[in-house]
Amino acid sequence: VPVSKISNVRSVSLPIGGRSFPSLKARRFQVSCAAKRETVDKVCQIVRKQLALPDDASVTGESKFANLGADSLDTVEIVMGLEEEFGISVEEESAQTITTVQEAADMIEKLIEKN
């Protein structure tokens, strides 16, 4: 599931039960399903190791595997490393949708919750 960051939201319109209601004004509207910082950090370490990146290479939750130089085989190896490290099993369909460190970390936490 792609994660988007939205800022400066002043109002939101929501259709409910087929009816459209006027905009809802909100002082603070936040939806968060981000993985724990520790999970993201561990995924960063695994990605850095699998891609043989130097220690000073910037790898964050927003890092895209392709931008770090990963091809499809590298992505498979990253997923295998995540499976081994976290004791999880990732379905092929799910593995193909992971493009960023954050997406991988979010998926890992969802799989851990299921078990």
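The values are calculated or read from the model by the stated rules, or taken from the named source; none is laboratory data. All of these numbers come straight from a predicted model, not from anything done at the bench. Neighbour counts are summed over all protein chains in view; Cβ atoms, including those assigned to glycine, are modelled from backbone coordinates with ideal geometry. The area values use the complete protein model at the heavy-atom level, side chains included, leaving out ligands, DNA and RNA. Shrake-Rupley method; radii C 1.70, N 1.55, O 1.52, S 1.80 Å.
Looking only at the range 69-115, how many residues end up being closer than 18 Å to Leu53 by Cα and not in a helix (DSSP H, G or I)?
Selection size over the range 69-115: 5.
Of all residues in the range 46-64, which are open to solvent by less than 60 Å² (accessible area, probe 1.4 Å) and either without any contact (Cβ under 8 Å) to a residue 12 or more places away in the chain or outside any helix (DSSP H, G or I) (or both)?
Arg48, Leu51, Leu53, Ala57, Val59, Thr60, Gly61, Ser63
Can you tell me how many residues within the range 71-115 are open to solvent by 70 Å² or more (accessible area, probe 1.4 Å) and among the small types (Gly, Ala, Ser)?
Total meeting the criteria: 2.
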